[in-house]
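S.K.: Handing you a structure now.
Derivation of every value follows stated rules applied to the coordinates shown; laboratory data play no part. Since we're looking at a predicted model, the values are computed, not measured.
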């Protein structure tokens, strides 16, 4: 017995989209510095704390930190209709002083998903620390969550 398929097309795959990032490693806190993380969105805060701790920083709440890292989510119009979040990472040194933007990441098209804020946070932090250059690169976000960890461990 044989099966003939007259209009069989492979299931279309969804194209993979990568965020657009910008940032540059300028006046970053030294490895081992104590940082205070401030973010309204819980996922941005959790992702920032995890990223910083994995890269050799101590994270504390309250007074006594060397600097503050601020994570902000801003809705941006997507290039192709719709809205997408943009994650902006700022540095305040000392805490309470004017902040400086270190990195940012946004999707060029309107996409959603539970992990979007986590992925954009990793991309913005990695770009701010200079692991990938700014731009839209075909680098999965999960790689940006661990980018530079081997180099950072060698510096400790």
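S.K.: Rounded to the nearest 5, what is the percent of antiparallel bridges among the DSSP beta bridges in region 20-132?
M.R.: Details: 21 of 29 bridges.
Close to 70 percent.
S.K.: State the Kirkwood hydrodynamic radius of region 20-132 in Å, one decimal place, computed from all pairs of distinct Cα atoms. Numbers along the way, then the final one.
M.R.: Values: mean 1/r = 0.0713 Å⁻¹.
Kirkwood hydrodynamic radius for region 20-132: 14.0 Å.
S.K.: Contact order normalised by length for region 20-132, with contacts defined as Cα pairs under 8 Å and 6 or more residues apart; what percent is it? The partial results should precede the final answer.
M.R.: On the way: 253 pairs, mean separation 36.0, N = 113.
Value for region 20-132: 32 percent.
S.K.: What's the Cα-based Rg to Rh of region 16-63, Rh via Kirkwood?
M.R.: Values: Rg = 12.7 Å, Rh = 12.4 Å.
In region 16-63, Rg relative to Rh is 1.02.
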